[in-house]
Amino acid sequence: MQQRIQISGFILTLGLSLVPVDAHANIYGYIDEQGAAHFATEKIDARYQLFMRGQQFNAADSTATGPAKPELLRYLSKHPNLKKFEPLLKVASNEFSIELPLLKAIMAAESGFDPGAVSPRGAIGLMQVMPATAERYGLQGDKNKTIEQKLADPEINIRLGARYLRDLHRMFPNQQELVLASYNAGEGAVQQYRNKIPPYPETRNYVQLVTQIYQLYQDRPASRKVEATVFAGSGYNAKRIYLTIPGRRNLLASAAVPTE
């Protein structure tokens, strides 16, 4: 999440309309020997197998799925941190009229459900909020905690992320792909390209990834019929999710933001 500009307006629920994007929204994945899940928007190497096959965003049906794998679905639907923070997500969803499946999908793509995640650009926490963005929404440091330390608080982080998503929707009503592109690259970049997704590999892959994960959460992946394919690794042990988005550098260690 880059530095943002606060937008005023009335509350609207995030819409689903998508404009044409010349790309397929496939997701690949595998589980490693330590039990950690890896997702990517392209087949990076032989370990990655097709997890979800999406059609082009301008197709009549953008919800079509391929051979969804049970272990990977379990990671997305049953991750312990998702359950832990779901009450906060529900509160933010209701307060800012943002769909709960979308908040979950963005959290998965932004941080892999790691509340201590920090990006090389300085975005912090579950929703990867920039300190400068938090300041625009009135968050201030004090003698006890810096802005960065406050942003490491999941409740503050989720609320600010949801609030920003609401404001992006006011700017781009019924254009979810532009909301997602703005969350990743900043609304200024979207406006620079005449209200289209910027031609940045990271941003285009980010929009694909979040859109597909969002659809999985809408479909309740725990109940989805899946193939009995077993991935390499011992299963759901490490409780870690790694998302590889071409063009984006990896997140830094949790210790980068002290909480005390």
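The values are calculated or read from the model by the stated rules, or taken from the named source; none is laboratory data. Source: prediction; values computed, not measured. Reconstructed Cβ throughout: ideal geometry from the backbone, glycine too, with neighbour counts over all protein chains shown.
General observations
- Residues (part of a loop (DSSP other than H, G, I, E, B), under 21 Å from residue 135 (Cα atoms) and either in contact (Cβ under 8 Å) with a residue 40 or more places away in the chain or touching a Leu at 6+ places or on another chain (Cβ under 8 Å) (or both)) located in segment 89-123: 115, 116, 117, 119, 120, 121, 123
- Yes/no for residue 132 being closer than 23 Å to residue 204 by Cα and out of contact with any Pro (no Cβ under 9 Å at 6 or more places or on another chain): no
- Of all the criteria given as (1) surrounded by 15 or more Cβ atoms within 10 Å (Cβ to Cβ); (2) assigned to a loop (DSSP other than H, G, I, E, B); (3) at pLDDT below 95, the one not satisfied by residue 67 is (1).
- Selection within segment 173-208 - over 18 Å from the mean Cα position of the chain (by Cα) and of a type in the set (Phe, Trp, Tyr): 193
- Boolean, residue 120 is surrounded by fewer than 22 Cβ atoms within 10 Å (Cβ to Cβ), touching a Lys or Arg at 6+ places or on another chain (Cβ under 6 Å) and within 27 Å of residue 38 (Cα to Cα): yes
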